[in-house]
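Undergrad: What follows is a structure written as C-alpha cells; I'll ask about it next.
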Amino acid sequence: MSTRKHTALPKAQILIEALPWLTRHHGKIVVIKFGGNAMVNEELKAAFAQDVVFLRHAGLKPVVVHGGGPQISAALDKHGIVSEFKAGLRVTTEDAMDVVRMVLAGQVQRELVGLLNQHGPLAVGLTGEDARTITATKHQPEIDGELVDIGRVGEITGIDTGAIEALLADGRIPVVSSIARSQDDHHVYNVNADTAAAALAAALGAETLMVLTDVEGLYEDWPNSDEVISRLTASQLEKLLPELSSGMVPKMEGCLHAVRNGVHTARVIDGRVQHSILLEIFTDEGIGTMVVPDDIPVEQGES
C-alpha cells in the first residue's frame with residue numbers, strides 16, 4: 001500500500017499543479033507554429049502530436065501552422081532546382097513553387113495529420129489557399145535600398161478564419177500549411193510560417209501563440225551569455241529586434257504582431273525538449289520566452 005502511495009502521489013501533484021492553467025485556458029484558442037528540430041526528429045514529432053491532442057482533450061482549441069524548410073530544400077535538390085536565399089528568404093521561382101506546394105501540402109502536412117489522427121479522428125489539413133484562409137501579395141524585400149524580386153514569396157494581406165473556426169467548432173484540430181492564395185492573380189505564394197501563425201493567431205483572437213524553435217528562448221546577451229529572457233513586454237521586444245539574429249527575427253516579429261493585435265501572450269519555446277508545449281502551458285515554471293502586451297501587469301501575464 002505504501003509503495004502505491006509513493007508512486008501515485010507525485011502524479012496527483014503534477015495534475016493539481018496544472019489545474020489553474022487548465023481553468024484559465026479552457027475553451028481558448030492556442031496557435032502553435034511547428035518547426036525546427038521537432039519537425040525532423042521522430043521522437044519529438046510523436047511527442048508534439050501527443051501534446052497537441054492533450055491540449056484538445058483538456059478543453060483547449062489548438063491550431064497548428066507549419067512550414068517545411070529542410071524538407072523543401074531536400075525536394076528541390078532532388079528535382080535539380082538550386083536554392084538561393086536573399087534577405088533571409090528563399091527565392092521561389094515558378095518551378096520551385098510547385099515543389100514547395102507539393103512538399104508542404106502533400107508531405108509535411110500529411111505526416112502531421114497522420115500523427116495526430118493516431119489518437120482519434122481529430123486533425124484536418126488545409127493550406128492558406130483553402131476557403132481563402134490566407135491571402136497574400138508579392139513580397140519584395142529591400143536590399144541596399146533597392147527592391148529585390150524573389151519570385152513567389154508572399155506578404156500576407158488578409159486572413160479569413162471561417163474554415164478554421166468551423167473546424168474548431170466541430171472539435172477538430174486544423175493543420176495549416178503556410179501557402180497563400182494571391183490577391184492579384186491566379187498564382188499561389190510561399191509565405192513565412194512564423195508570420196502566418198502570428199497573423200492567424202491575431203485574426204482568431206487566440207489566447208496564446210507558441211512558436212517552436214531550436215533554441216531555449218530569447219537570449220539576454222548572446223553570444224556572451226546563454227541566460228534566457230523569461231518574459232518581456234511588446235515595447236521591450238521592439239527595442240531588441242534590430243540586434244537579433246536573422247533566424248529569430250520573423251519569430252519575434254510574429255510574437256510582437258500577435259500581442260499588439262489582441263493575443264494575450266506569445267511564447268518562443270525550445271522544440272528540442274520533449275513535451276515542451278505542456279511544460280510551457282501547464283506548469284508554474286514554464287520554459288522559453290513569453291511576450292506580453294505593454295498594458296498587462298506582470299502577475300496577469302504569467303503562463
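Readers should treat all values here as calculations from the given coordinates under stated rules, not as data from a laboratory. Fair warning: this is a prediction, and the values are worked out from it, not measured in the lab. With ideal geometry, Cβ positions are generated from the backbone for all residues, glycine too; neighbour counts draw on all protein chains shown.
Undergrad: If you place +1 on the Cβ of every Lys and Arg and -1 on the Cβ of every Asp and Glu, how big does the dipole about the Cα centre of the chain come out, in debye to the nearest 20?
TA: Computed about the Cα centre, the dipole is about 1280 debye.
Undergrad: Mind checking the range 167-255 for GluC sites (Glu not before Pro) that DSSP puts in a loop (not H, G, I, E or B) and that have at most 16 other Cβ atoms within 10 Å?
TA: On the way: sites: Glu207, Glu216, Glu220, Glu227, Glu238, Glu243, Glu253; in loops: Glu207, Glu216, Glu220, Glu227.
For GluC sites (Glu not before Pro) across the range 167-255 that sit outside H, G, I, E and B with at most 16 neighbouring Cβ atoms in 10 Å, the list reads Glu220, Glu227.
Undergrad: Can you pull the Rg over Rh of the range 1-155, Cα-only, Kirkwood?
TA: Rounded to two decimals, Rg over Rh is 1.11.
Undergrad: Picking from Gly128, Gly69, Gly145, which is most flexible by a Gaussian network model of the chain using Cα springs under 10 Å?
TA: Gly145
Undergrad: On full extension of the chain, what length is gained from Arg272 through Asp160, given 0.36 nm per residue of separation minus the C-alpha to C-alpha distance?
TA: Here the segment from Arg272 to Asp160 would lengthen by 37.1 nm.
Undergrad: Using r as the Cβ-Cβ distance of Leu241 and Thr137, and R0 as 25 Å, what FRET efficiency do you calculate, to the nearest 0.05?
TA: It comes to 0.60.
Undergrad: Also, I was wondering about something else. Find out how many positive minus negative residues lie around Thr23, taking Lys and Arg as positive, Asp and Glu as negative, among other residues whose Cβ is under 13 Å from that of Thr23.
TA: 0
Undergrad: Rounded to the nearest 500, what is the 222 nm mean residue ellipticity of the chain from helices alone, with -39500 (n - 2.57) per DSSP H run of 4+ residues and division by all residues?
TA: -11500 deg cm²/dmol
Undergrad: Can you tell me the length gained on complete extension of the stretch Leu15 to Asn37, counting 0.36 nm per residue apart and subtracting the Cα distance? Please list the in-between numbers first.
TA: Numbers: separation 22, 0.36 × 22 = 7.92 nm, distance 2.81 nm.
Going from the current span to full extension adds 5.1 nm.
Undergrad: Still on this structure, I have one more. Taking K and R as +1 and D and E as -1, what net charge do the other residues with C-beta under 14 Å from the C-beta of Asp130 add up to?
TA: +1
Undergrad: Give the distance, in whole Å, between the Cα centre of the range 202-252 and the Cα centre of the range 78-150.
TA: Measuring centre to centre over Cα atoms gives 23 Å.
Undergrad: If you take the beta carbon distance between Val249 and His79 as r and set R0 to 22 Å, what does 1/(1 + (r/R0)^6) give as a FRET efficiency, to the nearest 0.05?
TA: About 0.15, to the nearest 0.05.
Undergrad: With respect to the cross-link table entries Lys45/Lys239; Lys61/Lys239; Lys11/Lys239; Lys78/Lys239; Lys138/Lys251; Lys11/Lys61, which display a Cα-Cα separation exceeding 30 Å?
TA: In this structure, Lys45/Lys239; Lys61/Lys239; Lys11/Lys239; Lys78/Lys239 exceed 30 Å between Cα atoms.
Undergrad: Counting DSSP beta bridges in the range 1-144, what percent are antiparallel, to the nearest 5?
TA: 25 percent
Undergrad: Using Cα pairs under 8 angstrom and six or more residues apart, how large is the relative contact order of the chain, in percent?
TA: 20 percent
Undergrad: Classify the chain: rounded, prolate or oblate, from the alpha-carbon gyration tensor (a ≥ b ≥ c, eigenvalue square roots; a/c under 1.5 rounded; otherwise prolate if a/b is larger than b/c)? Each step should come with its number before you reach the end.
TA: Details: a/c = 1.72, a/b = 1.41, b/c = 1.22.
Judged from the Cα gyration tensor, the chain comes out prolate (a/c at least 1.5, a/b above b/c).
Undergrad: For Gly171, what charge total do you get from the other residues with a beta carbon under 10 Å from its beta carbon, if Lys and Arg give +1 and Asp and Glu give -1?
TA: The answer is +2.
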